[in-house]
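The values are calculated or read from the model by the stated rules, or taken from the named source; none is laboratory data. In this text the structure is predicted, and so the values were computed from the model without any measurement. Cβ coordinates were reconstructed from backbone atoms using ideal geometry, including for glycine residues, and neighbour counts include every protein chain displayed. Please note that ligands, DNA and RNA were not included when accessible areas were found on the heavy atoms of the full protein model with its side chains. Shrake-Rupley method; radii C 1.70, N 1.55, O 1.52, S 1.80 Å.
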Amino acid sequence: MPNAKRDPFASIDRLRPLITEEEIRNRTRELGAKISADYKGSDLLLVSVLKGGFVFLADLVRTIDIPLELDFMRVRSYGARSESSGVVEITADLTGPVEGKHVLFVEDIVDTGLTMTYLMRNIKTRHPADVRLCALLYKPERKLVDVPIDYLGFTIPNQFVVGYGLDYAEKHRNLPYIATMDDEPPG
Ligand code: 5GP
């Protein structure tokens with residue numbers, strides 16, 4: 001059940017749980033173990049895309065047991081509210097160089113794929129050792145471009161989701177689970 005105390009808007013926005021806290025925790029642990037094994041001995045730099053990715057990142061890093069660095073990017077994408085246009089502006093960039101590092105993007109959700117395609121292409125021009133992607137959620141029905149997701153949490157249906165870092169008009173980021181909203185919000 002939506003946690004009305006934590007998020008009084010949960011009932012107003014008619015949220016329905018889609019992925020539980022436990023499912024997220026278990027899957028995150030599996031991803032962390034795989035990342036730890038794959039990057040053992042490498043210079044790993046996790047890059048999180050704000051704001052939506054912050055909860056997943058915080059949980060994921062604590063399941064990774066090899067040394068790593070963290071950095072953040074913030075982007076603004078143009079288009080209607082729930083529609084990415086593919087035109088992405090980096091509004092806050094990484095704080096340091098990535099040359100020679102193994103960059104792993106940690107993203108909340110890959111929808112059309114346009115945002116991650118842009119960001120991965122951008123980072124590749126900075127000469128990292130390699131660039132990969134870890135995404136908690138993927139909506140294949142909305143795909144416009146192919147983005148290889150090296151570490152994927154869950155494939156979900158074509159519904160607008162909130163919680164666990166994801167918002168609707170800046171609300172619901174603090175829900176500890178992923179929920180769908182009854183109707184796709186207006187653009
Ligand atoms: P893409 O460029 O892949 O279409 O969009 C990626 C971004 O769109 C995500 O990082 C996220 O900010 C936003 N987004 C896409 N689908 C959803 C969704 O179902 N819920 C929320 N809250 N944001 C979404």
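General remarks:
- Single residue of Lys101, Lys124 found to be over 12 Å from the mean Cα position of the chain (by Cα), open to solvent by less than 60 Å² (accessible area, probe 1.4 Å), modelled with pLDDT of 95 or more and of a type outside the set (A, V, I, L, M, F, W, C): Lys101
- Which listed residue, of Gly100, Gly153, is part of a strand (DSSP E or B) and small (Gly, Ala, Ser): Gly153
- Evaluation of Lys171 against (1) of a type outside the set (Phe, Trp, Tyr); (2) touching a strand residue (DSSP E or B) at 6+ places or on another chain (Cβ under 6 Å); (3) modelled with pLDDT under 95 (one fails), failing number: (2)
- Residues within region 33-56 that are among the hydrophobic types (A, V, I, L, M, F, W, C), open to solvent by 10 Å² or more (accessible area, probe 1.4 Å) and assigned to a helix (DSSP H, G or I), tallied: 4
- Residues that are open to solvent by 10 Å² or more (accessible area, probe 1.4 Å) and of a type in the set (S, T, N, Q) within region 104-121 comprise Thr115, Thr117, listed in sequence order.
- In region 115-144, the residues that are hydroxyl-bearing (Ser, Thr, Tyr) and not in a helix (DSSP H, G or I): Thr125, Tyr138
- Filtering region 135-155 to residues that are near the ligand (Cβ under 8 Å from one of its atoms) and within 11 Å of the chain's Cα centre (by Cα) leaves only Leu137.
- Glu83 vs. criteria surrounded by fewer than 18 Cβ atoms within 10 Å (Cβ to Cβ) and modelled with pLDDT of 90 or more: no
- So Thr112, is it part of a loop (DSSP other than H, G, I, E, B) and within 16 Å of the ligand (Cβ to nearest atom): yes
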